[in-house]
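Everything below concerns the one structure shown next.
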Amino acid sequence: MRKQKIGITNILILIGLIGLLPILKVFLIPGCMAFDATDDANHTFVNLFIARQSLSAGEIPLINFWNNFGTPILGDVLTYPWALHAQTYWFFPADVAMAINRFLLAGATTLLLILYFRRSMSNLAAGVGAVLAFLTPGFFWHFAHHHYQAALFCFTLILLTQDHFIKKPRFLTWFFLAISFVFTFFNTSIHAVCLMIPFLLGQQIFSPQGRRLKSVSGLFAALIIGILCALPDLIHFVHLISQSMRVQGNYGMPAHLTVAKRFSIPMVGLALSGAFLLWQKDPQGKRESLKILILGFMPILIVFFLFHFQAIWQAIPLVKSTDISRLWWFSNVFLMQGVGQCIDRLNQKNKWTAGLILYSYLLLLLELCFRVFLKHSFFYHHMYLIFFTAFILICIAAVHLSKNFAQNKKLPSYLMNPNHRRIIAALIIILQMIVISTRILEVQNLSVCRAGCYFTEKGGDLFTPRSFLKYIPPKTRIAVDDLSEQGRDLKINRDLIFGSSGRSVVLNKDFSEYLLKENLITPDNAQFAYHFSPPWRIEPLAELGIRFIMQKGINPTLTKQGWRLLATENEWALYEHPQQPSLVYLQNQRGERRYLALSQFNIHGNTIRIQLPEIQEAQELVATFVHLSGWRGYVDGKERSLYHQTNQLIRLEITPHDHEILLKYAFTTHSE
């Protein structure tokens, strides 16, 4: 098969177009920004904002004091302040930085995929494979999010460096492989990294020289180097996740899985055809064919089996709490190798070509029928009907072709036209783009900016109503009766105000259960999210340091209870607690609380410094943050033990002779 040199202009055009796709509406709708109003605005932006504050203070970002009553940054496996694409947030506003990252990472991922596919196929096939691997609905849906944006880029980078090391097992090639692993651990979610490893081992096994001891040991050594470099984050994650709400429940079937389950008929069909044609080639072709089938096609069957038999999925520890469709992000890279191999053979003049072209057009016809007319897709609904129909049509076409060949001893000329390859490649991409553009990007509706997790109106990453901020002093805490995915009291940390809603992978289980037991919160639509809600009980909220509440509509009962109505705007009302509680307070043996003034405590990096007032008796100091194992307490420079009670908040015994308290969050994993 003749190879061509890379056309730089064509490559740049393709990379530019793919880069523009995830930010398309920014250029089509005024005031539309390329970020997700939920995960990006409520998690990425708020945590990176705090991480930059800690780094500016000369400290490693370990914890975000402002959300979830103190939520770790180290070990949360979502923030990644060291990631390459986290650095743009230093120079641009968060909503602009996200758009820049999408453009650069989409283009860079496509480029690496092209380079990887070009090792074994033509430019056209490599381009088609790269675009399809990137635009598979499951991955493209999650590409919007900071912690997954670099997943496919990192995976392909490791595949390329791994391939070079297998072919030339030298120190330099191993060094680049090790650097690729280190880069991956610091740039994408540990969940994605864990899913990559079986495919990297498969790549090793199916490579001709990959099973040599030097090659295998080099791969594991590079992996270990990556793990060691990221060890503090990994250890902290394992410790935190064992105490979180997330690991306790099942992942379920959220709405995005209806998108992730969409597979293109011609894409899967041509991949299997490519594997079949490679099998006919030589021993190396058989290995490549098995790689496509085992690493590319088998994960499709495994995941759909678990989707269909959810009892099995939900019975597997840890796996039950994860999105298993993410296996396809990496298996699709190998599936597209089959597509590319098939496309490369569509213009070869042999007896298989005609059948392959007919087969391809039939698959495309089926895809059009079910996607356009019935609005269904392969492996989504009517799977058995599609299989049966495809089988009958292909059998009829095969019989017709066999008769024609037997009578004429040659293939029809219309089946030998090389333009068929280009037409089929173009149609496959166009059909994939129909799903991406309509179901995910929603470009068919240019009157509305919001599109799933891809686009939001400008300002959607800020607390609203903005007019309420003048009534809420910095360093006070607010609770909002609204779904945490709206993020009203999560995004408010950028105004230096503490929020109360819980939304994190490492949300503390004991604290969450206490809030549920006290009827202070309402769980959201995920096992790792909640928001505060009525009845607004004065004493429990005071113990938690919640001074302000915000809810829809005015409630006269609150005014009778002593709550002060501060402001209203549209449907929202802002109330102040009758006791005006503080984040830090003293409590004597009679249970009486003395709230510290805002000027008496200061937050800097990973520490809280508290100046004590004069007291006449021993008391408890309560800091309204969850007592995680990383906390340390110091009184006038000497360490003193911290403890907690039922509500899980930090407590410390103080005496009349104490003057200054230092609470510091440090990396540790042992219990107090």
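The values are calculated or read from the model by the stated rules, or taken from the named source; none is laboratory data. Bear in mind that the values here come from a model prediction, so they are computed numbers and not experimental data. FYI the Cβ positions are ideal-geometry reconstructions off the backbone, even for glycines, and counts take in every protein chain you see.
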Could you list all residues from the range 645-669 that are assigned to a strand (DSSP E or B) and under 42 Å from the mean Cα position of the chain (by Cα)? LEU649, ILE650, ARG651, LEU652, GLU653, GLU660, ILE661, LEU662, LEU663, LYS664, TYR665
Given the residues ILE166, ILE158, which is the only one that is more than 20 Å from PRO81 (Cα to Cα), in the same structural domain as ALA37 (by TED's automatic domain parsing), out of contact with any Leu (no Cβ under 8 Å at 6 or more places or on another chain) and aliphatic (A, V, I, L, M)? ILE166
Does ALA192 satisfy the condition of being within 24 Å of ALA41 (Cα to Cα), of a type in the set (Gly, Ala, Ser) and not in a helix (DSSP H, G or I)? no
Just checking, how many residues over the range 492-510 are surrounded by fewer than 22 Cβ atoms within 10 Å (Cβ to Cβ) and not in a loop (DSSP other than H, G, I, E, B)? 5
The condition of being of a type in the set (Phe, Trp, Tyr), farther than 20 Å from LEU74 by Cβ and in contact with a Pro (Cβ under 8 Å, 6 or more places away or on another chain) holds, among TYR514, TYR530, only for TYR530
When every residue in the range 89-104 that is out of contact with any Gly (no Cβ under 9 Å at 6 or more places or on another chain) and among the aromatic types (Phe, Trp, Tyr) is compared, the one nearest to PHE134 (Cα to Cα) is TYR89
Kindly evaluate ARG102 against the criterion of being among the basic types (Lys, Arg) and either in a helix (DSSP H, G or I) or buried (at least 23 other Cβ atoms within 10 Å of the Cβ) (or both). yes
Qualifying residue in the range 561-572 (condition: crowded, with 22+ Cβ neighbours inside 10 Å, on the phi < 0 side of the Ramachandran plot and not basic (Lys, Arg)): no
Residue hits (the range 207-230; assigned to a helix (DSSP H, G or I) and out of contact with any Phe, Trp or Tyr (no Cβ under 9 Å at 6 or more places or on another chain)) are LEU213, LYS214, VAL216, SER217, PHE220, LEU228
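Rundown of residues vs (1) in a helix (DSSP H, G or I); (2) of a type in the set (Ser, Thr, Tyr); (3) at pLDDT below 80; (4) buried (at least 19 other Cβ atoms within 10 Å of the Cβ), yes/no style:
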{"residue": "ALA275", "(1), (2), (3), (4)": "yes, no, no, yes"}
{"residue": "GLN284", "(1), (2), (3), (4)": "yes, no, yes, no"}
{"residue": "GLU288", "(1), (2), (3), (4)": "yes, no, no, yes"}
{"residue": "LEU301", "(1), (2), (3), (4)": "yes, no, no, no"}
{"residue": "PHE304", "(1), (2), (3), (4)": "yes, no, no, no"}
{"residue": "ALA311", "(1), (2), (3), (4)": "yes, no, yes, no"}
{"residue": "TRP329", "(1), (2), (3), (4)": "yes, no, no, yes"}
Of the residues that sit in the range 615-641 and are aliphatic (A, V, I, L, M) and crowded, with 18+ Cβ neighbours inside 10 Å, which one is modelled with the lowest pLDDT? LEU628
Only one of HIS147, HIS164 is in a loop (DSSP other than H, G, I, E, B) and farther than 16 Å from TRP328 by Cβ, namely HIS147
Being touching a strand residue (DSSP E or B) at 6+ places or on another chain (Cβ under 7 Å) and in a loop (DSSP other than H, G, I, E, B) is the filter; apply it to the range 536-577 and report the residue that is nearest to SER467 (Cα to Cα). GLU571
Scan the range 483-491 and tell me whether some residue there is within 23 Å of the chain's Cα centre (by Cα), free of Cβ contacts under 8 Å to residues at least 60 places away in the same chain and part of a loop (DSSP other than H, G, I, E, B). yes
Can you go through THR110, THR44 and tell me which one is in a helix (DSSP H, G or I) and at pLDDT below 90? THR44
For the range 600-614, enumerate the residues that are under 20 Å from ILE546 (Cβ atoms) and loosely packed, with under 14 Cβ neighbours inside 10 Å. none
Unique match (being within 18 Å of the chain's Cα centre (by Cα) and of a type in the set (Phe, Trp, Tyr)) among PHE175, PHE153, PHE165: PHE153
I want to confirm something. Restricting to the range 8-41 and keeping residues that are of a type in the set (Asp, Glu) and modelled with pLDDT of 85 or more, which single residue is nearest to SER504 (Cα to Cα)? ASP40
Single condition TRP82 does not satisfy, out of (1) in a helix (DSSP H, G or I); (2) under 18 Å from the mean Cα position of the chain (by Cα): (1)
Options THR173, THR161: the member that is of a type outside the set (D, E, K, R) and within 30 Å of LEU74 (Cβ to Cβ): THR161
